[in-house]
Amino acid sequence: MARRTLPILKNLTHRPTPAHFLPKPDPNTRSVTYMPRPGDGAPRPVTLIPGDGIGPLVTNAVEQVMEAMHAPVYFERYDVHGDLKRVPPEVIESIRKNKVCLKGGLKTPMGGGVSSLNVQLRKELDLYASLVNCFNLPGLPTRHENVDIVVIRENTEGEYAGLEHEVVPGVVESLKVITKFCSERIAKYAFEYAYLNNRKTVTAVHKANIMKLADGLFLESCREVAKKYPSINYNEIIVDNCCMQLVSKPEQFDVMVTPNLYGNLVANTAAGIAGGTGVMPGGNVGADHAVFEQGASAGNVGNEKLWEQKKANPVALLLSSAMMLRHLQFPSFADRLETAVKRVISEGKYRTKDLGGVSSTQEVVDAVIANLD
């Protein structure tokens, strides 16, 4: 018999193994989802600004979890406080070198003409896009379900840029500057985000019925960019109607793109609907640099009671640090961290006061570490 016919006969006579005798696939095995470039696994330096109030407490929580995961990052710490007149040059230099920063909240003095260091950082590094992801966490009860909103806010101009001066005693002029360049690039970023993250709709938030030139230019820019992304639905909404729709039917929104001031208000409203500012991640990104921090307003930065009791909620900054890991192209570490945080929230045993629990920051951190895969 020819040798080449043996394999054919073997296949014809071989009986397949019954399905119940085959080894069951391990549900914990992972398929290849990310193919790194050579050198991508090298530990990356990250500038760390603990900030004011509860800032050091929650940034320390991130440091502990990163160490427990053996994440390929290490931190360069700089003590910066909101009462400084300027961000120290060595801090700016560190962020320029490292490209990435993790930041606790910086307290901004009310009035007195003191410039916000948060705004200074955004301008100095041209962090033109602020992104806040507001979504329901399994196990955390809220008034609305199926909320998953991404608010993308222009970060460098508009009223929030703080361009003010006193014309004469008793008369202050506050400038709202809107440019086509900045409006187009934030619109492009919003549509790129939607396209790359399988989002379906981008909604532009405006007040063009009153500010016909400024917000009209913003809308015009959004419309022009929308034509280049035919697969993404585009619509527009006036900011006051937007707030009403958010609190009544937030699940209708997907990605929202806004000028500077409106974005701050909309993001905080959406965060409150989805579970509170203590669980909403966010970041600020430009062409070359990114700063990750608590997504919605850090109004509890100066809460001395939270600091003294060591009961600040670290979840928002932990989820922001997962965004940072993904930005650094360490997706498996980001997935592990997010999964552990969501397990802790879902189980409900360890929650801080703002989520209806009595746990301390450290208890939440220990629970997250215990749930790491």
Inspect the range 242-258 for any residue being under 17 Å from the mean Cα position of the chain (by Cα), farther than 30 Å from GLY216 by Cβ, of a type in the set (Ser, Thr, Tyr) and crowded, with 21+ Cβ neighbours inside 10 Å and give the result as yes or no. no
Criterion violated by ALA204 - all others in (1) over 22 Å from GLN252 (Cβ atoms); (2) within 21 Å of the chain's Cα centre (by Cα); (3) assigned to a strand (DSSP E or B) satisfied: (1)
Inside the range 143-199, can you point out the residues that are among the polar types (S, T, N, Q) and more than 18 Å from the chain's Cα centre (by Cα)? ASN146, SER174, THR179, SER183
If ASP354 meets every condition in (1) modelled with pLDDT under 95; (2) surrounded by 21 or more Cβ atoms within 10 Å (Cβ to Cβ); (3) assigned to a helix (DSSP H, G or I) apart from one, which number is that one? (2)
Looking only at the range 334-351, and only at residues there that are of a type in the set (Ser, Thr, Tyr) and surrounded by fewer than 17 Cβ atoms within 10 Å (Cβ to Cβ), the one that is farthest from PRO141 (Cα to Cα): THR339
Test for GLY55: is it buried (at least 22 other Cβ atoms within 10 Å of the Cβ), modelled with pLDDT under 90, under 17 Å from the mean Cα position of the chain (by Cα) and not basic (Lys, Arg): yes
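Find the strands (runs of 3 or more DSSP E) located wholly in the range 225-291 whose residues include 2 or more that are farther than 30 Å from GLY357 by Cβ and among the hydrophobic types (A, V, I, L, M, F, W, C), and list them.
Qualifying strands (runs of 3 or more DSSP E): 233-238, 255-258.
So which residues in the range 67-101 are β-branched (Val, Ile, Thr) and touching a Gly at 6+ places or on another chain (Cβ under 8 Å), if there are any at all?
Matches in the range 67-101: VAL80 only.
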Matching residues in the range 166-201 (surrounded by fewer than 18 Cβ atoms within 10 Å (Cβ to Cβ), assigned to a helix (DSSP H, G or I) and not hydroxyl-bearing (Ser, Thr, Tyr)) number 5
Against the definition (surrounded by 22 or more Cβ atoms within 10 Å (Cβ to Cβ) and in contact with a His (Cβ under 7 Å, 6 or more places away or on another chain)), how does PHE218 come out, yes or no? yes
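The values are calculated or read from the model by the stated rules, or taken from the named source; none is laboratory data. These numbers come from a predicted model, not from an experiment. Ideal geometry is used to build each Cβ from the backbone, glycine not excepted, and the neighbour counts take in all protein chains shown.
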